[in-house]
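Below is one structure, written out as structure tokens, with a few remarks after it.
The values are calculated or read from the model by the stated rules, or taken from the named source; none is laboratory data. Predicted, not measured: the structure shown is a model, and the values here were computed from it. For neighbour counting, all protein chains shown are included, and Cβ atoms are generated from backbone atoms with ideal geometry for every residue, glycine included. When the accessible area is computed, the model is the full protein with side chains, heavy atoms only, and any ligands, DNA or RNA have been set aside. Shrake-Rupley method; radii C 1.70, N 1.55, O 1.52, S 1.80 Å.
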Amino acid sequence: MRQNLKTPDQSQTEKTTWIFSSVFGIFAMAALVILSRYNFLLFHGLAELFSIAVAWAVFFLVWNIRHVTDAESLVFVGIAYFFIGIVDLLHTLAYNGMGVFDSQWGANLPTQLWILARYMESASLILFPLLFRKKIQPAFIFACWAGATVLLLGTIFFWQIFPDCYVEGGGLTRFKIISEYAICILLGTAFVLLYARRGMVDPVVFRLLAVSIVITIGAELAFTFYVSVYDFSNLLGHYFKIVSFYLIYLALVQSGLTRPYQVLFKSLKDSEKKYQDAYAQMEQKVRERTSEIEAAAHEFESLFNSSQVGMMVLKGGRFFAKGNQRLADILGYASPEEMEGLSMKDLHLNENRFRAFGEKHYNRLHHGEVLQVEYELKRKDGSPVWCSLSGKALDINRPIDLDRGVLWILDDISSRKLAEQELKETLNKLERSNDELAQFAYVASHDLQEPLRAIVGFLQLLEPRCAGQLDEKGRQYIKRSVNAAHRMQSLIQDLLTLSRVNTKGCPFESTDLNVVFTGVLSRLDRRIKEKAANVTAETFPNLMVDPNQISTLLEHLMSNALKYNGHSEPAISIGCSEQKNDYRFFVKDNGIGIEPKFYERIFIVFQRLHGRHEYHGTGVGLTLCKKIVERHGGSIWVESTIGRGSTFFFTLPKERMGK
Amino acid sequence: MTNTDNVKPAQVLLVEDNEDDVELTLEALKNSRLRMNVHVVPDGVEAMKFLRFQGEYEGEPRPDMVLLDLNLPKMDGREVLKEIREDDDLTDLPVVVLTTSQDEEDICKMYKMHANCFISKPVDFLQFTEIIKQIEGFWLQLVKLPRRR
């Protein structure tokens, strides 16, 4: 069917039609030729009527199929031929001897009407190929043609401005003759246009129209040659006209009636082809998509099955629907198949926990959030197992329906939990032992003071009592024992302070370090003046610190800077610079300096670099400084050049963390 | 018994477990110009018994001042002070905390418990003597205390 549009029946019918019309045509022509010999007026009337009938037949045919045809340009031509027919009718009626119009119009009127009709005809045939595949509004086109026809007729009958075509005595005017040639040229143009666009029209219709145009040109040429209205060329012209009109009719019948099936089938075939192409394309796409989906599903499936984390999908809220081997392993089942149909209740240690879990967490799943918790689940044998759980609802619609599925990813974290637990215990132990140590140091220092007091006390009681019995050396010994005891007391005092840094520190509070520094300066005022030291300081920030400890820290560093300084003009500068996470402070002096190998050692308790007779001190000061800075989350270090001075740096964090 | 008669010796209760400290304190008090009876008890329990004239302390005088050490066996100085302040008969008794402690926390706590004063014993005996002199001068001579029944 698709391959063979013309069925044998159809071609048979066509052939019959052709034979019939040809035979009828030849008979009609012959009859007309004979008739023209006897009564030319009658011949002309009939010939014209015949062409008018054809023109109107064209119109009515076209008008009735205007809604169903896809040959819209033919509809345009059909409408044009209606009005051409009207003008031709007027021409026939105005013909010499018809006696319809006043005789004063003479032979000029039919000739004018003739020329007008031919102009209209050639115009419509030129426009015809231009309108191929264009959408037209038949009613609008009809109105346009009607308006144009009325106006053009108006130029002849009403305004009488249409150029004369026949002058009584002078014969045909120049206008008439030139018009005939012009019309020939217009028709030639129409032919060229049609030929150029022949691909857009059915080949049979093209052939009929082309022949029609050629014959119309022949008709026009015949009329240019005629000498008398009754001669042969006139006759031939009319024949040609009838044939050309008939061919237009045939073209229409061809495209609109005789061949509607073929046209229909052609459209159908085109549509079917398009549909088949689209279908094939779609099938191809579906195949591609299917294989993509299959690949993705396969990928997911293997990922799901071989994943080293447990995965399961719950359906209907809390029922196990799908899981992987790793999940079964974690929960102590032989395979995921064994878990099919399990309720989540079976995975919780008890029903209360199951309920509490739902109340606590399911709200987040309902909101489409990813839920992440660490939670103890129950294995098949009833033993607990620590798991990390991540859950997410699979439903992508809102509101979320959890019955549509929830994906859970879980991992066994028992070993981590165990390690965490151990770490926690170790930390606790460490903290306890640290506390105990500090407590011990405190108590020890405290209790050490009592015997010391006794030693000093009794020695001092001894001195006046035995003054007489002791020689100078004996008195010296007592004095030195007392001094030693005093030194020991300082040591104990410092140890006490040291042990109190962490245990007895005050809470951190927002502190203006400038105020703290002013306090330190005033306490060191006497020593600064004694040494005639030059102290310069920058502005300090506000920080969350233990103000007493920072005061102690600054005092020790300043005091060291003063103490270990033999310069004739001791200079101490203190400042601070802001860094990314902390402030870096410095205390710089121009004192004796420290050898690099001692940079670490000076911060160790009781480590002294100098003999007692050179510089007093217990060797606890910098250790205390270090402890204070560390309690605040900072660090302390020194940079120095022997003989040039030392700079102690320490940092204090901007954000308070920990304690 | 009244405290108005300066001829009568002042009664002082020293609560101290360390014998060395007792000795040194007594030595320091010896230098006093004041006539003074110093009673010594070695722990808190004994101190309370003394203050309440219980057991062997029946017939002992009521002290004009208590010198109280903090770290004591059986019942420490903090508890003793607490009991004194909670006892209607003793609540107005001047209590001087005399201890080796310099702990801020102790100091605050003792004042909150209405110790009359807190004194940290210095290591140096000469300084200690000076302090004792000032304590007795202040508490036994200078200040007016409520009349005893």
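Candidates in segment A:455-477 are the residues that are more than 12 Å from chain B (Cβ to nearest Cβ) and open to solvent by less than 60 Å² (accessible area, probe 1.4 Å); of these, the one that is modelled with the lowest pLDDT is A:Ala467.
Among the candidates A:Ala139, A:Ala123, the residue that is out of contact with any helix residue (DSSP H, G or I) (no Cβ under 8 Å at 6 or more places or on another chain), part of a helix (DSSP H, G or I) and over 29 Å from A:Leu42 (Cα atoms) is uniquely A:Ala139.
Mind checking whether some residue in segment A:309-326 is open to solvent by less than 40 Å² (accessible area, probe 1.4 Å), in a helix (DSSP H, G or I) and touching a strand residue (DSSP E or B) at 6+ places or on another chain (Cβ under 7 Å)? No: segment A:309-326 contains no residue that is open to solvent by less than 40 Å² (accessible area, probe 1.4 Å), in a helix (DSSP H, G or I) and touching a strand residue (DSSP E or B) at 6+ places or on another chain (Cβ under 7 Å). Among the residues of segment A:401-416, some residue qualifies, meaning at least one is in contact with a strand residue (DSSP E or B) (Cβ under 7 Å, 6 or more places away or on another chain) and among the aromatic types (Phe, Trp, Tyr). With respect to (1) more than 14 Å from chain A (Cβ to nearest Cβ); (2) open to solvent by 10 Å² or more (accessible area, probe 1.4 Å); (3) in contact with a strand residue (DSSP E or B) (Cβ under 6 Å, 6 or more places away or on another chain); (4) at pLDDT 85 or above, the lone exception for B:Leu140 is condition (4).
Just one of A:Ser499, A:Ser433, A:Ser490 is away from chain B (no Cβ under 14 Å), within 25 Å of B:Asp106 (Cα to Cα), open to solvent by less than 80 Å² (accessible area, probe 1.4 Å) and in a helix (DSSP H, G or I); which is it?
Answer to the selection: A:Ser433.
For segment A:140-150, state whether one or more residues are under 28 Å from A:Arg198 (Cα atoms), surrounded by fewer than 18 Cβ atoms within 10 Å (Cβ to Cβ) and out of contact with any strand residue (DSSP E or B) (no Cβ under 6 Å at 6 or more places or on another chain).
Looking only at segment A:140-150, we keep the residues that are under 28 Å from A:Arg198 (Cα atoms), and these are A:140-142, A:144-145.
Retained after the next criterion (residues that are surrounded by fewer than 18 Cβ atoms within 10 Å (Cβ to Cβ)): A:140, A:144.
Imposing the further condition that a residue be out of contact with any strand residue (DSSP E or B) (no Cβ under 6 Å at 6 or more places or on another chain) reduces the set to A:140, A:144.
Within segment A:140-150 (the criterion being under 28 Å from A:Arg198 (Cα atoms), surrounded by fewer than 18 Cβ atoms within 10 Å (Cβ to Cβ) and out of contact with any strand residue (DSSP E or B) (no Cβ under 6 Å at 6 or more places or on another chain)), the answer is yes, since at least one residue qualifies.
Of the helices (runs of 4 or more DSSP H) lying entirely inside segment A:167-282, those carrying at least 3 residues that are open to solvent by 40 Å² or more (accessible area, probe 1.4 Å) and modelled with pLDDT under 85 are A:203-225, A:232-252.
The number of residues in segment A:436-454 being open to solvent by 70 Å² or more (accessible area, probe 1.4 Å), within 12 Å of another protein chain (Cβ to nearest Cβ) and not charged (D, E, K, R) comes to 1.
Here B:Gln102 fits the description: surrounded by fewer than 18 Cβ atoms within 10 Å (Cβ to Cβ) and either polar (S, T, N, Q) or within 14 Å of another protein chain (Cβ to nearest Cβ) (or both). Filtered by the rule that a residue be exposed (fewer than 15 other Cβ atoms within 10 Å of the Cβ), in contact (Cβ under 8 Å) with a residue 40 or more places away in the chain and farther than 23 Å from A:Glu450 by Cβ, segment A:502-517 gives a lone residue, A:Cys506.
Checked against the criterion of being open to solvent by 50 Å² or more (accessible area, probe 1.4 Å), more than 16 Å from B:Ile119 (Cβ to Cβ) and within 14 Å of chain A (Cβ to nearest Cβ), segment B:43-50 contains not a single residue that satisfies it.
Are any of the residues in segment B:85-98 away from chain A (no Cβ under 14 Å), in a helix (DSSP H, G or I) and either open to solvent by 20 Å² or more (accessible area, probe 1.4 Å) or without any contact (Cβ under 8 Å) to a residue 12 or more places away in the chain (or both)?
Residues of segment B:85-98 that are away from chain A (no Cβ under 14 Å), as a first pass: B:85-97.
Filter once more, so that each one left must be in a helix (DSSP H, G or I): B:85-86.
Subset that is either open to solvent by 20 Å² or more (accessible area, probe 1.4 Å) or without any contact (Cβ under 8 Å) to a residue 12 or more places away in the chain (or both): B:85-86.
Yes, segment B:85-98 contains a residue that is away from chain A (no Cβ under 14 Å), in a helix (DSSP H, G or I) and either open to solvent by 20 Å² or more (accessible area, probe 1.4 Å) or without any contact (Cβ under 8 Å) to a residue 12 or more places away in the chain (or both).
Conditions tested, residue by residue: (1) among the small types (Gly, Ala, Ser); (2) assigned to a loop (DSSP other than H, G, I, E, B).
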position: A:Thr536; (1), (2): no, no
position: A:Leu553; (1), (2): no, no
position: A:Leu562; (1), (2): no, no
position: A:Glu569; (1), (2): no, yes
position: A:Ile572; (1), (2): no, no
position: A:Gly575; (1), (2): yes, no
position: A:Tyr583; (1), (2): no, no
position: A:Lys597; (1), (2): no, no
position: A:Ile602; (1), (2): no, no
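Considering B:Lys82, B:Lys109, B:Lys74, the condition of being outside any loop (DSSP other than H, G, I, E, B) and more than 14 Å from chain A (Cβ to nearest Cβ) is satisfied by B:Lys82 alone.
Name every residue in segment A:327-349 that is surrounded by fewer than 12 Cβ atoms within 10 Å (Cβ to Cβ) and either touching a strand residue (DSSP E or B) at 6+ places or on another chain (Cβ under 8 Å) or not assigned by TED's automatic domain parsing to the domain that holds A:Asp403 (or both), in order of residue number. Can you show your working first?
Of the residues in segment A:327-349, the ones surrounded by fewer than 12 Cβ atoms within 10 Å (Cβ to Cβ) are A:334, A:337, A:341.
If the condition is that a residue be surrounded by fewer than 12 Cβ atoms within 10 Å (Cβ to Cβ) and either touching a strand residue (DSSP E or B) at 6+ places or on another chain (Cβ under 8 Å) or not assigned by TED's automatic domain parsing to the domain that holds A:Asp403 (or both), then A:Gly341 is the only one that fits.
The set of residues from segment A:77-120 being in a helix (DSSP H, G or I), open to solvent by less than 50 Å² (accessible area, probe 1.4 Å), farther than 14 Å from A:Phe245 by Cβ and hydroxyl-bearing (Ser, Thr, Tyr) comprises just one member, A:Thr111.
Quick check: is even one residue across segment B:112-128 within 14 Å of chain A (Cβ to nearest Cβ), farther than 22 Å from B:Gly44 by Cα and under 16 Å from the mean Cα position of the chain (by Cα)? So that I can check it myself, show each step before the final result.
Let us first name the residues in segment B:112-128 that are within 14 Å of chain A (Cβ to nearest Cβ), namely B:119-128.
Now drop any that are not farther than 22 Å from B:Gly44 by Cα, which leaves B:122-128.
So of that shortlist, the ones also under 16 Å from the mean Cα position of the chain (by Cα) come out as B:128.
Yes, that holds for at least one residue.
When A:Pro570 is tested against (1) within 22 Å of A:Glu630 (Cα to Cα); (2) in the same structural domain as A:Asn581 (by TED's automatic domain parsing); (3) open to solvent by less than 70 Å² (accessible area, probe 1.4 Å), just one condition goes unmet, and that condition is (1). Here the condition is being open to solvent by less than 20 Å² (accessible area, probe 1.4 Å), without any contact (Cβ under 8 Å) to a residue 12 or more places away in the chain and touching a helix residue (DSSP H, G or I) at 6+ places or on another chain (Cβ under 6 Å); of B:Val80, B:Val123, it holds for B:Val123 alone.
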